[in-house]
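Notes for the one structure printed next.
All of the numbers you see were taken from the coordinates with simple rules; none came from a lab. These figures come from a predicted structure and were not determined experimentally. Cβ atoms come from the backbone with ideal geometry, glycine included; neighbour counts cover every protein chain shown.
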Amino acid sequence: MAAKRTIILGVTGSIAAYKSADLASQLKKAGHDVFCVMTRDAGHFITAVTLQTLSQHPVTVDLFEEGEGDWRPSHLQLADTADLLVISPATANVIAKLAHGIADDALSTIALALRPEAKVLIAPAMNGKMWLHPATQANAKTLQARGVAFIGPDKGLLACGYEGIGRLWDVTKILDRIQQLLK
């Protein structure tokens, strides 16, 4: 990967959240400064301790956590310094929040407060019927029209037992897309 960048890794409540550990680890190994932000639902699938260990930074879960060594709240500190926000996995819920400007947790607030130069990459992971629902498709199109990049979802066997679209894209391909966006 290119020069060291500040990357926020947003993790949402999908079974694919366990793959965010590998993504955080790979980004860190590539020399990036990685800050993880979890939704409360993500905590059902992966722990903050895992992401903190791999990123070597505290994990933001609560919108009202105090920032370290700065008067600004931690979510604003992150939004002001990020070069890239990657949401992997991204649920239909977070995609809808971002499309409609809803900021009711740390991740969605950071996304709205990002500095204009920062890029956003969304890697969806959900049941195929949820991904193909007209509301989710409209929300994805709205975000793409605003310059948000998407990777996936992929096709295959889903954790829910269905076969089809909805799988999180392969982590190595997400890393390749991140490299492209950071050039």
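Descriptive notes on the structure:
- Part-to-part distance (alpha-carbon centres) for the stretch 8-30 and the stretch 122-149, which is given in Å: 19
- About its Cα centre, the stretch 6-182 has a charge dipole of approximately 660 debye under the convention of +1 per Lys or Arg Cβ and -1 per Asp or Glu Cβ, with nothing else charged.
- Highest-fluctuation residue, Gly161, Gly128, Gly152 considered, GNM on the chain with Cα pairs under 10 Å: Gly161
- Amide H contacts of Gly10 (H built 1.01 Å from N, under 5 Å, at least 5 apart or other chain): Val37, Val86, Ile87, Ser88
- Options (i) 135; (ii) 347; (iii) 103 - which one matches volume of the Cα convex hull per residue in Å³ as calculated here: (iii)
- Cross-link reach list, lysines versus Lys119, counting only Cα pairs under 26 Å and skipping chain neighbours closer than eight places: Lys4, Lys19, Lys28, Lys29, Lys97, Lys141, Lys155, Lys173, Lys183
- Sequence-distant residues sharing a close amide H with Lys119 (under 5 Å, placed H): Leu84, Leu85
- In nm, spacing of pseudo-spin labels at Lys141 and Thr6 (7 Å Cα→C-beta vector): 3.6
- Our coupling estimate for the stretch 162-170, obtained by passing each phi through the Karplus curve with A = 6.51, B = -1.76, C = 1.60 and θ = phi - 60°, is 7, 10, x, 7, x, 5, 5, 4, 4 Hz, Gly and Pro reported as x.
- The amide H of Gly164, built 1.01 Å from its N in the peptide plane, has Gly156, Leu157, Leu158 as neighbours under 5 Å, considering only residues 5 or more places off or on other chains.
- Theoretical ellipticity at 222 nm over the chain - DSSP helices of four or more residues, -39500 (n - 2.57) apiece, nearest 500: -11500 deg cm²/dmol
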